[in-house]
Amino acid sequence: MTDTKKSANAMWGGRFAAGPDAIMEAINASIGYDQRLAQQDITGSRAHAAMLAATGIISDKDAEAIREGLLTVLSEIETGEFQFSAALEDIHMNVEARLKEVIGEPAGRLHTARSRNDQVATDFRLWVRDQADAAIIGLEALIAAFLDQAEAGADWVMPGFTHLQTAQPVTWGHHMMAYVEMFSRDLSRFRDARNRMNESPLGAAALAGTGFGIDRTMTAEALGFDRPMANSLDAVSDRDFALEFLSCASICAVHLSRFSEELVIWSSAQFRFVTLSDRFSTGSSIMPQKKNPDAAELIRAKIGRIMGAMVALFTVMKGLPLAYSKDMQEDKEQVFDAADTLMLSLAAMTGMVSDLTANKAALASAAASGFATATDLADWLVRDLDLPFREAHHVTGSLVAMAEAKGCDLPDLSLDEMQTVHAAITADVFNVLSVDASVASRMSYGGTAPVRVREQVAAWRDRLAKSGAR
Ligand code: ARG
């Protein structure tokens, strides 16, 4: 021992008072973060103990002592009295060691027919399942906020963009409903993932199952799982449920970051499409006029952490042979962080969307600029003058150029001026050049017409009230 210390000191210098055994403890211990699994660990252990008694593997008396003792341990953890120890490595050993102090000898019977491998797989699945539920609840609230915006502004016109250039007028409601679609797909992805992950690994033991006459269906039911997992090797080795959660979270974070970006652009002085509430804005320490969309910027950035977590866990899992490897202890931290980040982002976005004021007048005046109804003009030439679309496109291009040269918009050109480009144009054309007429005409299913938007709002409210899912 003295020699080891000496050689360690010789290698690393006086800075390292700790010997390699302490370093081993530092790299090996997960208690610093897996204490977040305490509640799931204790719930799993209580179910396991009840099953051991029901199958006659341990006595009812011992099981009762264990189950009661575990509640004591849980309350110590919840009140913060519990002393976590890195020497005891992880949450499972910390809880069991304390249980021994609380109830004595029967504590040693809890780990019968079980291993930390199936234990941790169970705890983590329960934790991720809770997070999928939380994501679903968070998404429902966010979707409701978007529906309110869409309903209020079903017929407010605004520019629709492609390449961030004015393309065609759309309605505010239609733009909001695009996010309802995206976030409801996210919601259904979380639901799917939750359904798939809802099988119990408990009772797979270390990897091969156990010789004890356990009842895995009983523990599965007690923990709210649909059934026990059918293969013990798979049960202790896979973390695809966490990968799937992170994948769902990443896609959802992409959607969140896209709307964040729109909020950042729209709240700028150049756009003024929206005003963010003071509750979700910050000021500048130097520039008194500033009102910054910090929450939107942060959500736009948080995708980095969430997607980073996904890539990290994919990388941990790739190439691992069956069954358990200690690599898999590295499965938790990033999932914890990603879940926290997602829930916070969903809550902040819901707050921003609920509080958001769309500046109807600014939206309308932007919608009328940039020749937004040029496509309507071309469509009119096709419909009323029977021009081939390509020719109509060309004629419209010439009219746009004329208006641009005059510094006016399309409806400001006179009929005479228009007829110099195409003689057959009639005064009827003015009916299609207004922005309101443009959006009202886009009645195709999924189109931007206010009636279609209102139908979609009603359909979504209905669906969400029924099941919350597609
Ligand atoms: N702390 C461990 C983990 O998170 C628990 C499982 C330990 N199993 C083992 N065979 N060492 O993965």
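The values are calculated or read from the model by the stated rules, or taken from the named source; none is laboratory data. Note that the structure is predicted; figures quoted are calculated from it, not measured. Cβ placement follows ideal geometry from the backbone for every residue including glycine, while neighbour counts extend to all protein chains displayed.
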Scope the stretch 343-399; condition assigned to a loop (DSSP other than H, G, I, E, B) and not aliphatic (A, V, I, L, M); matching residues: Asn359, Ser369, Gly370, Phe371, Thr373, Asp386, Pro388
Of these, Lys332, Lys360, which one is within 16 Å of the ligand (Cβ to nearest atom) and touching a residue at least 12 places away in the same chain (Cβ under 8 Å)? Lys332
Pairs please, first residue from the stretch 30-59 and in a helix (DSSP H, G or I) and away from the ligand (no atom under 16 Å from the Cβ), second anywhere and small (Gly, Ala, Ser) and at pLDDT 95 or above, Cβ atoms under 7 Å, 6+ apart in sequence or on different chains. Ala47/Ala222; Ala49/Ala63; Ala50/Ala63; Ala50/Ala222; Leu52/Ala63; Leu52/Ala113; Ala53/Ser59; Ala53/Ala63
Residues that are part of a helix (DSSP H, G or I), touching a residue at least 40 places away in the same chain (Cβ under 8 Å) and more than 16 Å from the ligand (Cβ to nearest atom), drawn from the stretch 100-129: Pro106, Ala107, Arg109, Arg129
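Kindly indicate whether any position in the stretch 75-83 is among the small types (Gly, Ala, Ser) and in contact with a helix residue (DSSP H, G or I) (Cβ under 6 Å, 6 or more places away or on another chain).
First, the residues of the stretch 75-83 that are among the small types (Gly, Ala, Ser): 75, 80.
Next, from what is left, pick out any that are in contact with a helix residue (DSSP H, G or I) (Cβ under 6 Å, 6 or more places away or on another chain): none.
Scanning the stretch 75-83, I find no residue that is among the small types (Gly, Ala, Ser) and in contact with a helix residue (DSSP H, G or I) (Cβ under 6 Å, 6 or more places away or on another chain), so the answer is no.
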Of a type in the set (Lys, Arg), within 18 Å of Ala47 (Cα to Cα) and touching a Lys or Arg at 6+ places or on another chain (Cβ under 8 Å), is that true of Arg114? no
Near pairs, Cβ below 6 angstrom, 6+ apart or cross-chain, from the stretch 373-387 (over 19 Å from Ala449 (Cβ atoms)) to any residue that is aliphatic (A, V, I, L, M) and surrounded by fewer than 16 Cβ atoms within 10 Å (Cβ to Cβ): Leu385/Ala424
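So is Asp428 more than 30 Å from Asp186 (Cβ to Cβ), out of contact with any strand residue (DSSP E or B) (no Cβ under 8 Å at 6 or more places or on another chain) and part of a helix (DSSP H, G or I) or not? First the steps, then the outcome.
On the way: more than 30 Å from Asp186 (Cβ to Cβ): yes; out of contact with any strand residue (DSSP E or B) (no Cβ under 8 Å at 6 or more places or on another chain): yes; part of a helix (DSSP H, G or I): yes.
Spelling it out, Asp428 is indeed more than 30 Å from Asp186 (Cβ to Cβ), out of contact with any strand residue (DSSP E or B) (no Cβ under 8 Å at 6 or more places or on another chain) and part of a helix (DSSP H, G or I).
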All positions within the stretch 76-99 that are in a loop (DSSP other than H, G, I, E, B), under 16 Å from Arg36 (Cβ atoms) and within 16 Å of the ligand (Cβ to nearest atom): Phe84, Glu89, Asp90
So Cys408 fits all but one of (1) under 21 Å from Met176 (Cβ atoms); (2) not in a helix (DSSP H, G or I); what number is the exception? (1)
Considering the stretch 358-379 alone, what residues qualify as being at pLDDT below 95 and not small (Gly, Ala, Ser)? Phe371, Thr373, Thr375, Asp376, Leu377, Asp379
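For the structure I just gave you, tell me whether Thr43 is surrounded by fewer than 16 Cβ atoms within 10 Å (Cβ to Cβ) and either out of contact with any His (no Cβ under 9 Å at 6 or more places or on another chain) or at pLDDT below 95 (or both). Steps first, please.
Details: surrounded by fewer than 16 Cβ atoms within 10 Å (Cβ to Cβ): no; either out of contact with any His (no Cβ under 9 Å at 6 or more places or on another chain) or at pLDDT below 95 (or both): yes.
Answer is no for this residue.
Residues are listed down the side, and each one gets a yes or a no for (1) of a type outside the set (A, V, I, L, M, F, W, C); (2) in contact with a Pro (Cβ under 6 Å, 6 or more places away or on another chain); (3) exposed (fewer than 15 other Cβ atoms within 10 Å of the Cβ):
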residue	(1), (2), (3)
Ala392	no, no, no
Asp409	yes, no, no
Met418	no, no, no
Ser438	yes, yes, no
Arg452	yes, no, no
Identity of the residue in the stretch 284-299, in contact (Cβ under 8 Å) with a residue 24 or more places away in the chain and not in a loop (DSSP other than H, G, I, E, B), that ends up surrounded by the fewest Cβ atoms within 10 Å (Cβ to Cβ): Leu298
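Is it true that some residue in the stretch 108-120 is under 24 Å from Gly203 (Cα atoms), of a type in the set (Val, Ile, Thr) and either under 30 Å from the mean Cα position of the chain (by Cα) or modelled with pLDDT under 95 (or both)?
To start, the set of residues in the stretch 108-120 that are under 24 Å from Gly203 (Cα atoms) comprises 108-120.
Pick out the ones that are also of a type in the set (Val, Ile, Thr) and you get 112, 120.
Now drop any that are not either under 30 Å from the mean Cα position of the chain (by Cα) or modelled with pLDDT under 95 (or both), which leaves 120.
Yes - at least one qualifying residue is present in the stretch 108-120.
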Can you tell me how many residues in the stretch 371-385 are under 30 Å from Thr275 (Cα atoms) and surrounded by fewer than 17 Cβ atoms within 10 Å (Cβ to Cβ)? 0
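Considering only the stretch 360-393, state which residues are farther than 30 Å from Gly173 by Cβ and over 45 Å from the mean Cα position of the chain (by Cα). Before you say what the answer is, go through the steps one by one.
As a first pass, look at the stretch 360-393 and keep what is farther than 30 Å from Gly173 by Cβ: 385-388, 390-391.
Correct list: Leu385, Asp386, Leu387, Pro388, Glu391.
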Within the stretch 317-324, does at least one residue satisfy the condition of being at pLDDT 95 or above, assigned to a loop (DSSP other than H, G, I, E, B), within 16 Å of the ligand (Cβ to nearest atom) and charged (D, E, K, R)? no
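Test Phe161 against the stated conditions and say whether it is out of contact with any His (no Cβ under 8 Å at 6 or more places or on another chain), away from the ligand (no atom under 16 Å from the Cβ) and free of Cβ contacts under 8 Å to residues at least 24 places away in the same chain.
Values: out of contact with any His (no Cβ under 8 Å at 6 or more places or on another chain): yes; away from the ligand (no atom under 16 Å from the Cβ): yes; free of Cβ contacts under 8 Å to residues at least 24 places away in the same chain: yes.
It is true that Phe161 is out of contact with any His (no Cβ under 8 Å at 6 or more places or on another chain), away from the ligand (no atom under 16 Å from the Cβ) and free of Cβ contacts under 8 Å to residues at least 24 places away in the same chain.
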